[in-house]
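Worksheet for the structure shown next.
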Amino acid sequence: MEAMSKFLFPAPSNWFVSAMSVVSLVSLANAGLSEIRGNSMKYSKFFNETEKKNKKIHKVSGRNGMLIAYTPAFMSAVASFAIFPDEGVRALLVKSALTFHFFKRILEVVFIHKYSGGMEVETAIPISLSYLISAVTMVFAQHLTQGYAGPEIDMSYPGIVVFLIGMSGNLYHHYLLSKLRSDKDKDKEYKVPRGGLFKLVICPHYMFEIIGFWGVSFMSQTLYAFCFTLGTTLYLMGRSYATRRWYLSKFEDFPINVKALIPFVF
């Protein structure tokens, strides 16, 4: 605990933030375990597998589903500048990073991603609420640090570097994924991704997303930020494992040496 106190602000006395720290970590870790067990969130390639078994589902297009997921969190991040103004450099960094992260996602949804299937409304709404609650809680947890001296080891500026590496790597590999299909490609068939770090892992975009969130945690240095990021890491580990398993089942020539998320390891 003494070592952690050098890296983190004091645990908040606010019951909501304390509870959400536990809830975020446990729920995201459980979602990652569900992915490994084969109970995947019903979007992207995993949506299509479910759709064949259940004809009465309610869905929206993949693009609209992702916009539903990201827009409320983006709007809340923008609003945080007005709700909690002039709270210092660290708070400004956290709010800016969250705003940039969700704005980037919206731009990718509109201009980069290509979709082969839809998304269940029952999936889009919980994802949207999860992102919204997480963004609001992270900003509020940062607000509660006002009046406290910063942690002995200041990770805010290294966090900027880590965040930018994560965002740029994530964007680049999303671009590579989008190039798998041209606008004239009507068959919507999946292909094994190539280029970049796809030669080492099947989900480098997840790996860089995790790196980006760790960058936000370093900027924030609150207990909630680290709990959320650890939970996100565990969830995306499960999601990447399920993705690799899906590719192995669909492509006989899938390179067995390509890992799920971490080169040469996992």
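Among Arg239, Arg181, which is the only one that is touching a residue at least 24 places away in the same chain (Cβ under 8 Å) and over 22 Å from the mean Cα position of the chain (by Cα)?
Answer to the check: Arg181.
Could you tell me whether region 110-129 includes any residue that is closer than 29 Å to Leu144 by Cα, among the basic types (Lys, Arg) and either touching a residue at least 24 places away in the same chain (Cβ under 8 Å) or open to solvent by 10 Å² or more (accessible area, probe 1.4 Å) (or both)?
No, because not a single residue in region 110-129 is closer than 29 Å to Leu144 by Cα, among the basic types (Lys, Arg) and either touching a residue at least 24 places away in the same chain (Cβ under 8 Å) or open to solvent by 10 Å² or more (accessible area, probe 1.4 Å) (or both).
Any chance you could count how many residues in region 208-235 are open to solvent by 10 Å² or more (accessible area, probe 1.4 Å), touching a residue at least 60 places away in the same chain (Cβ under 8 Å) and among the hydrophobic types (A, V, I, L, M, F, W, C)?
So the answer is 7.
Which of the residues belonging to region 13-37 are surrounded by fewer than 19 Cβ atoms within 10 Å (Cβ to Cβ) and not small (Gly, Ala, Ser)?
The answer is Asn14, Trp15, Phe16, Val22, Val23, Val26, Asn30, Leu33, Ile36, Arg37.
Within region 190-207, how many residues turn out to be more than 17 Å from Met167 (Cβ to Cβ) and crowded, with 22+ Cβ neighbours inside 10 Å?
2
Residues of region 75-133 being in a strand (DSSP E or B) and either within 25 Å of Trp214 (Cβ to Cβ) or acidic (Asp, Glu) (or both), which ones? Give the derivation first.
Just the residues of region 75-133 that are in a strand (DSSP E or B), to begin with: 118-120.
Matches in region 75-133: Glu120 only.
Return the residues of region 242-266 that are in contact with a helix residue (DSSP H, G or I) (Cβ under 9 Å, 6 or more places away or on another chain), among the hydrophobic types (A, V, I, L, M, F, W, C) and either under 25 Å from Leu92 (Cβ atoms) or free of Cβ contacts under 8 Å to residues at least 12 places away in the same chain (or both); say none if nothing qualifies.
Once the filter is applied, which keeps residues that are in contact with a helix residue (DSSP H, G or I) (Cβ under 9 Å, 6 or more places away or on another chain), among the hydrophobic types (A, V, I, L, M, F, W, C) and either under 25 Å from Leu92 (Cβ atoms) or free of Cβ contacts under 8 Å to residues at least 12 places away in the same chain (or both), region 242-266 yields only Ile256.
The values are calculated or read from the model by the stated rules, or taken from the named source; none is laboratory data. What you see is a predicted model; the values in this text were computed from it and never measured. Positions of Cβ are backbone-derived with ideal geometry, glycine not excepted, and every protein chain shown enters the neighbour counts. When the accessible area is computed, the model is the full protein with side chains, heavy atoms only, and any ligands, DNA or RNA have been set aside. Shrake-Rupley method; radii C 1.70, N 1.55, O 1.52, S 1.80 Å.
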